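The values are calculated or read from the model by the stated rules, or taken from the named source; none is laboratory data. Being a predicted model, the structure only gives us computed values, none of them experimental. Quick reminder, even Gly has a Cβ in these numbers, built from the backbone with ideal geometry, and neighbours come from all protein chains shown. Each accessible area value is taken on the protein alone, full model and side chains, heavy atoms only, with ligands, DNA and RNA left out. Shrake-Rupley method; radii C 1.70, N 1.55, O 1.52, S 1.80 Å.
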Amino acid sequence: MENQQYPEHIAIIPDGNRTRATAKGYPEKYGHYQAYKLTLQLIDFVFDKTPIKAFTFWWLSTENLKQRTKEELDYLYDFALQLKKDLKKIMEKHKVTFKRVWNPLGLPEKVLKQFDELQTLYNFPGEKTFIVAINYGWRDEIIRWIKTRAQTDGNVDNLTEDTFGTFLDFKNLPPVDLVIRTKTKLASRISWFMLRWIGYAELFFSDVHFPDFWIPKLEESLQWFHERSHARNFWK
């Protein structure tokens, strides 16, 4: 659309992988497989067809890590180990930087190594960034900040809203303008996701399960954002 207003930063809370698979008569892990393949397509579309600068994908929450079975987590980790190969063409074609945000505690060493390598390998000049949030949650993020602050500088008298943000996981990235959550017939919530960064985001709730959130659905959410953009004047 001509003169379409796009968000600078979008974030997806992908829900419904297992539900969609079992509803179709497939094993739960097949839903994760479909979701992984879809995510690669969405990354390519975002950085090829739109001016969006940052795209955050919530791979695993801190709660997921505690509550999912080892078998399911291992299956999801296997996808993480494929990312270097599967992202190569997309990241190099569009000059996209890779960033991971996480609590490393509890993640397998092979996953830690893979994501560190991805950050080193795909680090291009420019403003395009794909962010994977794995073992991430806002409550955990703030606790980690408090511990780090206490260890490095116990004085908080000079703390401001701006300096506070510089110590957090999503520093140096634009605030999120659009949050998308799928499978919202059962869960229309934010689930402690990026609370410091989504204060002025538009919240798009989709009833479809994430593996069915194909590119036309993403385009629908972007059109919805455009139609609301005239009202994004906040306190002006």
| note | Karplus-derived 3J(HN,Hα) from phi for the range 37-46 (6.51 cos²θ - 1.76 cosθ + 1.60, θ = phi - 60°), whole Hz, x at Gly and Pro, runs 4, 5, 4, 4, 5, 5, 4, 4, 4, 4
| task | Could you please report the charge total around Ser229, scoring K, R as +1 and D, E as -1 over all other residues with beta-carbon less than 10 angstrom from its beta-carbon? | result | -1
| message | With a 1.4 Å probe and all protein chains left in place, how much accessible area per residue does the chain have, in Å²? | response | 53 Å²
| remark: Cα-Cα longer than 18 Å, checked against Lys53/Lys95; Lys99/Lys128; Lys37/Lys128; Lys29/Lys99, kept in input order, equals Lys37/Lys128; Lys29/Lys99
| note | For Lys89, counting only aspartates and glutamates whose alpha-carbon sits under 15 Å away and dropping same-chain residues fewer than eight positions off, the answer is Asp44, Asp48
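Quick check on the range 1-61: take the gyration tensor over C-alpha atoms, sort the square-rooted eigenvalues as a ≥ b ≥ c, and tell me if it's rounded (a/c under 1.5), prolate or oblate.
Values: a/c = 2.86, a/b = 2.34, b/c = 1.22.
Since a/c reaches 1.5 and a/b is larger than b/c, the shape of the range 1-61 is classed as prolate.
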| the chain, helix-only ellipticity at 222 nm - DSSP H runs n ≥ 4, -39,500 (n - 2.57), divided by all residues, nearest 500 | -14500 deg cm²/dmol
| field | Simple Cβ-charge dipole of the chain, Lys/Arg +1 and Asp/Glu -1, about Cα centre, in debye nearest 20 | value | 400 debye
| remark: Of the residues Thr50, Ala11, Tyr26, the Cα lying farthest along the dipole of the range 1-60 towards its positive end, which is defined by charges on the beta carbon of Lys, Arg, Asp and Glu, belongs to Tyr26
| Between Lys85 and Ile190, how many nm apart are label points set 7 Å from Cα along the C-beta direction? | 3.9 nm
| said: Suppose the Debye formula is applied to equal point scatterers at every Cα of the range 115-212; what is log10 I(q)/I(0) at q = 0.13, 0.19, 0.24 Å⁻¹? | reply: -0.63, -1.14, -1.34
| Hey, rough spin-label estimate for Glu219 and Leu203, points 7 angstrom out along Cα→Cβ, what's it come to in nanometres? | 2.8 nm
| Computed over the Cα atoms of the chain, what is the convex hull's projected area averaged over all directions, in nm²? | 14.3 nm²
| Debye, to nearest 20: dipole size of the range 100-163, +1 on Lys, Arg Cβ, -1 on Asp, Glu Cβ | 300 debye
| request: Write down the Å³ per residue value for the convex hull defined by the alpha carbon atoms of the range 1-136. | output: 117 Å³
| message | Rounded to the nearest percent, how much of the accessible area of the chain (1.4 Å probe, protein heavy atoms only) is carbon and sulfur? | response | 51 percent
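Over the range 79-191, what relative contact order in percent results from Cα pairs under 8 Å that are six or more residues apart?
Once normalised by length, the contact order is 26 percent.
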| When we measure straight from the Cα of Lys171, which aspartates and glutamates land under 19 angstrom away, once same-chain ones fewer than 8 places off are left out? | Glu8, Asp116, Glu127, Asp140, Glu141, Asp153, Glu161, Asp162
| message | What distance in nm lies between label points placed 7 Å from Cα along the C-beta direction at Lys37 and Arg232? | response | 3.3 nm
| task | State the answer as a single residue: which of Leu107, Thr163, Tyr200 lies farthest towards the positive end of the charge dipole of the chain, with beta carbon charges of +1 for Lys and Arg and -1 for Asp and Glu, about the Cα centre. | result | Leu107
